[in-house]
């Protein structure tokens, strides 16, 4: 859905929610859609880093005459990785903003329910959903943190090649591949865990909504 990728700017939440409510989209719908958007962003990051590692392995085997092409390729991959990572961070931020607003609204409305049994049931469901969300969000944050060392290493390699465009520099960077691979492998694991957690959360969330 198109709205899932829109960054919710501070101070614009009310207009954002009002717009979608007019189209029949409540905060629960927006949260689910943005969780899906974050999943998609994680898969894009996962694929890009995997492809980047594969290209680095290939590019670092070239002969000296192609060093400028090696640098261009590594630099382009680095730029795309940064863009995809930043997009993912914004999507995860959207998820947190919408969830916080949803749970605040839910708690406020639950307190206005006069029938004690219904109020207690609503508040219990709120706490259960909040705990489930917190677990899912924690897994997304692990992905964010795991991106940092990979991005830093890609940036280091790009700058190193820029400053030392020679075969010796490429040979030096070949020794870094094992560390890059280790960090990307860890990132991929966190992404897989996060997506599994997201799917579980949205499935349960949808089932509760349909009850």
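The values are calculated or read from the model by the stated rules, or taken from the named source; none is laboratory data. Keep in mind that what you see is a predicted model, and the values were worked out from it rather than measured. Cβ placement follows ideal geometry from the backbone for every residue including glycine, while neighbour counts extend to all protein chains displayed.
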Checklist outcome for this item: Contact list, first residue from segment 177-204 and part of a helix (DSSP H, G or I), second anywhere and loosely packed, with under 13 Cβ neighbours inside 10 Å, beta-carbon distance below 8 Å, six or more apart or interchain, is 197/135; 201/135
Item to check | Complete set of residues in segment 111-133 that are surrounded by 11 or more Cβ atoms within 10 Å (Cβ to Cβ) and within 27 Å of the chain's Cα centre (by Cα) | outcome: 125, 126, 127, 128, 129, 130, 132, 133
Item to check | Of all residues in segment 122-168 being touching a helix residue (DSSP H, G or I) at 6+ places or on another chain (Cβ under 7 Å) and free of Cβ contacts under 8 Å to residues at least 24 places away in the same chain, the one that is nearest to residue 206 (Cα to Cα) | outcome: 126
Checklist entry - Residues in segment 36-46: is at least one more than 30 Å from residue 179 (Cα to Cα) and either buried (at least 16 other Cβ atoms within 10 Å of the Cβ) or at pLDDT 95 or above (or both)? => result yes
Checklist entry - In segment 156-173, is there at least one residue being assigned to a helix (DSSP H, G or I), within 16 Å of the chain's Cα centre (by Cα) and modelled with pLDDT of 90 or more? => result no
Checklist entry - Regarding residue 139, is this residue farther than 30 Å from residue 67 by Cβ and either in a loop (DSSP other than H, G, I, E, B) or at pLDDT below 95 (or both)? => result no
Next on the checklist: What's the total number of residues in segment 59-100 that are closer than 23 Å to residue 181 by Cβ, touching a helix residue (DSSP H, G or I) at 6+ places or on another chain (Cβ under 9 Å) and either modelled with pLDDT of 95 or more or part of a helix (DSSP H, G or I) (or both)?
Outcome noted: 18
Checklist entry - When you look at residue 108, is it farther than 30 Å from residue 53 by Cβ, part of a helix (DSSP H, G or I) and under 24 Å from the mean Cα position of the chain (by Cα), yes or no? => result no
